[in-house]
Amino acid sequence: SSRLRAYLRFLGTGFIVNIKSVIEYRVNFLLQFFGMMLNNAAFAAFWAILIAKTGTVGGYDFYDIMFVWGFVSSAFGLAHIVLGNIRDLSRVIIEGGLDVYLLQPKDVWINILSSRTIVSAWGDFVYGFIILSLLPGNSFATWLLFVLLMIPSALIFAAIFSAAESLCFFMGNSSSISSALSEFLLAFSLYPEGIHSQTFRIILYTVVPSAFVAFMPLKIFRALDWPLVPVLWIIALAYTALSYGIFYLGLKRYE
């Protein structure tokens, strides 16, 4: 629809503006970019040593671990590049910065989230593609599948982070809860599904949807199961709609 195209153009314009502001300070950008990549590489080295001694962990071999780390890194990075305020939303609300966005014609939720980009997230984003290039069996199809899975995973990251931050409408300062939920989502996404109990996996498929950020994409990528890709998109859009609804429910209280 024309409305969707208009918002895509809006996001594109905001993205370009944010990029220009970032590269204005090239040294800082490069330091944060390569610093984040080195941080991720250190974890890769740790897993290489661990897998060499144990064989597999929770049903994941070394290539599975590397895919998950690279994939989650890129999805996390993409979310923070395009929607840089997803983990700063509560601060903006509490400090009164939301009023500026209420006066602008664009959707408040989209506008506020996309008005900033995170420099270090570029290192996360690129890291995943570097890992993918080093994995065996690369082809155009695997690269395309990686991207088609990464975008909905990034949406889920953004939705959960934003929803957690929106709790401040109802609780005042909810930074501790939103920080904990954000860390749980990221941490549980980076470790094999098999190490978690059946009961705990219910949480990972609902409240802290690490399953849809990492476990399900890995299964789809392993089997090149293209029909499941739209399913992941539908799930991501459902979480996004829920996050959107929570924000606007809170915004009514704010107004």
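The values are calculated or read from the model by the stated rules, or taken from the named source; none is laboratory data. These figures come from a predicted structure and were not determined experimentally. Positions of Cβ are backbone-derived with ideal geometry, glycine not excepted, and every protein chain shown enters the neighbour counts. The area values use the complete protein model at the heavy-atom level, side chains included, leaving out ligands, DNA and RNA. Shrake-Rupley method; radii C 1.70, N 1.55, O 1.52, S 1.80 Å.
Here are the numbers for the structure shown:
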item: Answer residue from the stretch 220-245, given it is at pLDDT below 95 and assigned to a helix (DSSP H, G or I) and is farthest from residue 164 (Cα to Cα) among those; result: 223
item: Residue 184 being assigned to a helix (DSSP H, G or I), open to solvent by 50 Å² or more (accessible area, probe 1.4 Å) and not charged (D, E, K, R); result: yes
item: Enumerated helices (runs of 4 or more DSSP H) restricted to the stretch 76-163, each holding at least 1 residues that are open to solvent by less than 10 Å² (accessible area, probe 1.4 Å), over 24 Å from residue 211 (Cα atoms) and touching a helix residue (DSSP H, G or I) at 6+ places or on another chain (Cβ under 8 Å); result: 89-94, 98-102, 108-114
item: Selection from the stretch 164-177 of residues that are small (Gly, Ala, Ser) and outside any helix (DSSP H, G or I); result: 172, 174
item: Top-ranked residue in the stretch 164-181 [being of a type in the set (S, T, N, Q) and over 18 Å from residue 254 (Cβ atoms); ranked as most open to solvent (accessible area, probe 1.4 Å)]; result: 176
item: Residues satisfying the stated conditions in the stretch 103-118, i.e. within 15 Å of the chain's Cα centre (by Cα) and either free of Cβ contacts under 8 Å to residues at least 12 places away in the same chain or closer than 13 Å to residue 243 by Cβ (or both); result: 113
item: Residue 141 vs. criteria small (Gly, Ala, Ser), within 28 Å of residue 225 (Cβ to Cβ) and under 13 Å from the mean Cα position of the chain (by Cα); result: no
item: Flag if residue 141 is of a type in the set (A, V, I, L, M), within 26 Å of residue 60 (Cβ to Cβ) and touching a residue at least 40 places away in the same chain (Cβ under 8 Å); result: yes
item: Search result, residues across the stretch 192-233 that are over 19 Å from residue 61 (Cβ atoms), surrounded by 13 or more Cβ atoms within 10 Å (Cβ to Cβ) and touching a residue at least 24 places away in the same chain (Cβ under 8 Å); result: 208, 209, 210, 212, 213, 229, 232, 233
item: Boolean, residue 255 is open to solvent by 60 Å² or more (accessible area, probe 1.4 Å) and modelled with pLDDT under 90; result: yes
item: Options 65, 94: the member that is under 15 Å from residue 164 (Cα atoms) and in contact (Cβ under 8 Å) with a residue 24 or more places away in the chain; result: 94
